[in-house]
Amino acid sequence: MGGKYRITGDTYPRMRRPRHRRRLVLAGIGAVVALSLAGWGTLQLIDVFTGGDKSASAADHKRDCPTAKPSAAPAKALPKPAAIKVNVYNATTRSGLAKSAAEELKKRGFTIGEVGNATKAYDKKVPGTGVLLGAPTATNGSFTVLGTQLAGTVQKVDTRKTGEVDLILGAKFKAFSTPQEATAAMAALTKPAPAPSPSC
């Protein structure tokens, strides 16, 4: 061939790819990356507002919790009425009250000691149903058992060394609790305490 555009040699000019194809490929890759980031961000927001997979964590937590039930706390050991010696004193103006109260307590199994009028320190000075007076050791034993027989008593301790208890009848004393009420109160005291629920 001749003329102005004559080709010489055996090398042909290399044709370049159109630039718009490269741009399309880059734009597609960018779109895929952007969609991936958007999806990941959405999942993170869902976890933040819902607290993640609570059901799975709760199930794992339950599996860690021991299945064996803890034993109930043992019931408090209280003395029997026969082991409690009660001195009955009358601090009211009603005659014969101490004697009748002592007879009733004896029927209910208590051991009766002295029966008579209250001393000057308590005579006509007990406005309630009665006062239980004894050694400090009686507060968690004899006082508790005797208290099931008469509601509203006031407990006081002194320096005595013996285990006997004084029941000083007050102005509001009318009658002891019924045997049924006393039995129910005693049963509630001797019932084992419920076992604490597991913290897991």
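The values are calculated or read from the model by the stated rules, or taken from the named source; none is laboratory data. Fair warning: this is a prediction, and the values are worked out from it, not measured in the lab. Note that each Cβ is placed from the backbone with ideal geometry, even for glycine, and that neighbours are counted across all protein chains shown. Areas reflect the complete protein model, heavy atoms only, side chains present, ligands, DNA and RNA absent. Shrake-Rupley method; radii C 1.70, N 1.55, O 1.52, S 1.80 Å.
Using amide H atoms built in the peptide plane, which far-off residues or other-chain residues are under 5 Å from ILE112 H to H?
VAL86
With a/c under 1.5 counting as rounded, go ahead and sort segment 84-138 into rounded, prolate or oblate using the C-alpha gyration tensor (a ≥ b ≥ c being the square roots of the eigenvalues; past the cut-off, prolate if a/b is larger than b/c, else oblate).
Details: a/c = 2.03, a/b = 1.19, b/c = 1.70.
Judged from the Cα gyration tensor, segment 84-138 comes out oblate (a/c at least 1.5, b/c at or above a/b).
Can you list residues from other chains, or at least 5 along the same chain, whose modelled amide H is less than 5 Å from the amide H of GLY130?
Counting only residues 5 or more places away or on other chains, the set is VAL154, GLY170.
What does the net charge come to around GLY113 if you take all other residues with beta carbon closer than 10 Å to its beta carbon, with K and R at +1 and D and E at -1?
Charge balance near GLY113 sits at -2.
Give me a comma-separated list of calculated 3J(HN,Hα) values for segment 110-121, in order, Karplus coefficients 6.51, -1.76, 1.60 applied at θ = phi - 60°, integers in Hz, x for any Gly or Pro.
Here the 3J(HN,Hα) series is 7, 8, 9, x, 7, 9, x, 7, 6, 6, 4, 5 Hz.
Using only the heavy atoms of the protein chains and a 1.4 Å probe, how would ILE29, ILE112 rank by accessible area, largest first? Before the final figure, lay out each step's value.
Working: ILE29 100, ILE112 50 Å².
Sorted descending by solvent-accessible area, the residues read ILE29, ILE112.
With every protein chain left in place and a probe of 1.4 Å, what is the accessible surface of VAL157, to the nearest 10 Å²?
For VAL157, the solvent-accessible surface is approximately 80 Å².
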